[in-house]
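Right, I'll just put the structure down here and ask away after.
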């Protein structure tokens, strides 16, 4: 995994999801959404983390992108291999005040 490419692509996907720009708020939101510690969330944002394959796959699934693209193994952005990801998890809405709310 190329951690620099991962960080660039990860941050691009986070921006597309509407996560807060403020670093502290962004770190808290990443930790909550991806189920990681704030320390690891910060490392992912700045490209200082080398993630195990299962964790990369989980992150890619949540972002709905191909793990190979997210990790820098391929240049072409593709959707996550499972085409019915939306049925597996609730829609999420991000806000700076609430961090994250889930549709019931």
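Starting with the highest mean, order 40-50, 18-28 by the number of other Cβ atoms within 10 Å, averaged over the residues of each peptide.
Numbers: 40-50: 17.5, 18-28: 15.6.
Those peptides, ordered most packed to least, come out 40-50, 18-28.
Now, a different point. Answer rounded, prolate or oblate for segment 40-80, using the Cα gyration tensor with square roots of eigenvalues a ≥ b ≥ c: rounded when a/c is under 1.5, else prolate when a/b is larger than b/c, else oblate.
Note, shape of segment 40-80 comes out prolate.
Quick note: the coordinates plus some simple rules give every number you see, no bench work behind them. For clarity, every value in this text was computed on a predicted model and none was experimentally measured. Every residue, glycine as well, gets a Cβ built from its backbone with ideal geometry; the counts of neighbours run over all protein chains shown.
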